[in-house]
Amino acid sequence: MELKQIVTGFTGTENCSITPITNGLINTTYLVENKDSEEKFILQRINTQVFQFPEIITRNHILINEMLAGRDYPLQPVIPKPTLAGNFIVKDEEGGSWRMLSFIEDTRTFFKIPDIKTAYESAKAVGCFLNMINPEHLPDIQPPIPDFINFEKRILDYQASLRYANEDLLKNAGPQIEMMDKLLFLPQKWIEMEKNGLLPKRIIHGDPNVRNILFDENSRPLAVIDLDTVTVSTILYDFGDMARSYTNTLDEDDGNAENNFNPQIYRTVKDGFLLYLKDKLTFEELENLDYAAQTVIYIQAIRFLTDYLNGNTYYATKYANHNLDRTRNQLELLKGLREYLRVD
Ligand code: GN1
């Protein structure tokens, strides 16, 4: 099925322009403009190797929008658009799954946080989103990716990659592998806390990185986007992922990173995040924010490293060592955070 045909199924007209947009590391995204009505939309080919059940992400997305619609949500929701036949997902002959979403006009995105104020506003936006979506409908949310936030599984996957990787890759990643071993206690504590029921289950975003916030021209957040990873887990994951992504002063794949952790942004992210959530979080959650930030960075590093050792099958890469550079970058970030927290 041609791209044009897929678009026509959603818009009802062939008179559309289709422009690729570079953003995430998983799905492929296009901007579609209906030339007849001048309406714009986002079209995405969902990576079904990652999201095996695209219907689940649409259902979760619609549920979240219903929750937001019933509240005084100050940001703009992204709305899934069905085809003229009423389907939210269109499958092509190659096994691809496509969906269309509403487009928010006059926005910009960042690959890294430009300044303190934007860090605060972004963390506040995510905190506001989380505050609005918790906790009703918790039993209705289904996991979009099995074991996405299961750290035990992440470690097992990593250990399997160590067993099967070729010698060259293992040698290239020697220092990173050593660091992973040294810091393994980080996810182990998380796993224990979960087993002991110390981390309440909440609906979380699952991927609140800086690329998933749309800003206006004054860098004020307009929308929290990419609800594909919405799931039920601990809110510490969202805090950790925000801290991970916002405090990085360099691009996530800058493998020569040194001192890429910004402590001032870290403090600001915490303040922004807690603005709406302070009174809702439990003692354990509040006590473990610093710990969560370290652990989520660690897990992101292990995910990049696992993918490197597996031959780059998960994240989009532009060169052979791309995932190794990402791993180095995350480990440097973790080093900076741990120095700041004086735990190293
Ligand atoms: C992926 O889809 P995107 O690019 O926003 C990944 C996140 C990682 C992030 C790292 C479904 O996010 O978990 O934190 O890359 N999403 C999935 O940049 O694996």
> Among the strands (runs of 3 or more DSSP E) contained in region 192-276, which hold 2 or more residues that are among the hydroxyl-bearing types (Ser, Thr, Tyr) and within 16 Å of the ligand (Cβ to nearest atom)?
Replying inline: 231-233
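Report whether or not Thr313 is surrounded by fewer than 18 Cβ atoms within 10 Å (Cβ to Cβ), among the β-branched types (Val, Ile, Thr) and either within 16 Å of the ligand (Cβ to nearest atom) or part of a helix (DSSP H, G or I) (or both).
Values: surrounded by fewer than 18 Cβ atoms within 10 Å (Cβ to Cβ): yes; among the β-branched types (Val, Ile, Thr): yes; either within 16 Å of the ligand (Cβ to nearest atom) or part of a helix (DSSP H, G or I) (or both): yes.
Criteria met by Thr313.
Determine which member of the set Tyr308, Tyr276 is among the aromatic types (Phe, Trp, Tyr) and closer than 18 Å to Ala119 by Cα.
Numbers: Tyr308 fails: closer than 18 Å to Ala119 by Cα.
From the options Tyr308, Tyr276, the qualifying one is Tyr276.
Looking at Ile46, Ile18, which is the one that is away from the ligand (no atom under 16 Å from the Cβ) and in contact with a helix residue (DSSP H, G or I) (Cβ under 9 Å, 6 or more places away or on another chain)? If you could, list the steps in order and put the result at the bottom.
Working: Ile46 fails: away from the ligand (no atom under 16 Å from the Cβ).
Answer to the selection: Ile18.
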>> Quick check on my filter: what residues within region 161-187 are free of Cβ contacts under 8 Å to residues at least 24 places away in the same chain and in a helix (DSSP H, G or I)?
In response: Arg163, Glu167, Asp168, Lys171, Gly174, Pro175, Glu178, Asp181, Lys182, Phe185
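Scanning for something on the phi > 0 side of the Ramachandran plot and under 18 Å from the mean Cα position of the chain (by Cα), does region 139-148 turn up at least one residue?
Residues of region 139-148 on the phi > 0 side of the Ramachandran plot: 147.
Adding the requirement that they be under 18 Å from the mean Cα position of the chain (by Cα) leaves 147.
Yes, region 139-148 has at least one match.
What residue, of Ile64, Ile57, Ile42, Ile26, is of a type in the set (A, V, I, L, M, F, W, C), crowded, with 17+ Cβ neighbours inside 10 Å and assigned to a strand (DSSP E or B)? Break it down stepwise before answering.
Details: Ile64 fails: assigned to a strand (DSSP E or B); Ile57 fails: assigned to a strand (DSSP E or B); Ile26 fails: assigned to a strand (DSSP E or B).
The match here is Ile42.
Could you say whether any residue in region 290-301 is part of a loop (DSSP other than H, G, I, E, B), assigned by TED's automatic domain parsing to the domain that holds Gly174 and more than 17 Å from Ile113 (Cα to Cα)? If you could, list the steps in order and put the result at the bottom.
Going through region 290-301, the residues part of a loop (DSSP other than H, G, I, E, B) turn out to be none.
Checked region 290-301: no residue is part of a loop (DSSP other than H, G, I, E, B), assigned by TED's automatic domain parsing to the domain that holds Gly174 and more than 17 Å from Ile113 (Cα to Cα).
Going by what's in this entry, would Gly197 be described as modelled with pLDDT of 95 or more, out of contact with any strand residue (DSSP E or B) (no Cβ under 7 Å at 6 or more places or on another chain) and over 22 Å from Thr249 (Cβ atoms)?
Numbers: modelled with pLDDT of 95 or more: yes; out of contact with any strand residue (DSSP E or B) (no Cβ under 7 Å at 6 or more places or on another chain): yes; over 22 Å from Thr249 (Cβ atoms): yes.
For Gly197, the condition - modelled with pLDDT of 95 or more, out of contact with any strand residue (DSSP E or B) (no Cβ under 7 Å at 6 or more places or on another chain) and over 22 Å from Thr249 (Cβ atoms) - is met.
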>> Could you check region 124-155 and list, in sequence order, the residues that are in contact with a Phe, Trp or Tyr (Cβ under 7 Å, 6 or more places away or on another chain), of a type outside the set (Val, Ile, Thr) and within 16 Å of the ligand (Cβ to nearest atom)?
In response: Pro144, Phe151
> For the subset of region 14-28 comprising residues that are modelled with pLDDT under 95 and hydroxyl-bearing (Ser, Thr, Tyr), which member is nearest to Asp253 (Cα to Cα)?
Replying inline: Thr22
> Taking region 1-23, which residues are under 30 Å from Pro143 (Cβ atoms) and either in a strand (DSSP E or B) or of a type in the set (Phe, Trp, Tyr) (or both)?
Replying inline: Phe10, Pro20, Ile21
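A quick yes/no check of all residues on (1) of a type in the set (Ser, Thr, Tyr); (2) in contact with a strand residue (DSSP E or B) (Cβ under 8 Å, 6 or more places away or on another chain):
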{"residue": "Thr13", "(1), (2)": "yes, yes"}
{"residue": "Val32", "(1), (2)": "no, yes"}
{"residue": "Gln49", "(1), (2)": "no, no"}
{"residue": "Phe53", "(1), (2)": "no, no"}
{"residue": "Gly70", "(1), (2)": "no, no"}
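The values are calculated or read from the model by the stated rules, or taken from the named source; none is laboratory data. What you see is a predicted model, and the numbers here were worked out from it, not measured in a lab. In this analysis, Cβ positions are derived from the backbone assuming ideal geometry, glycine residues included, and neighbour counts consider all displayed protein chains.
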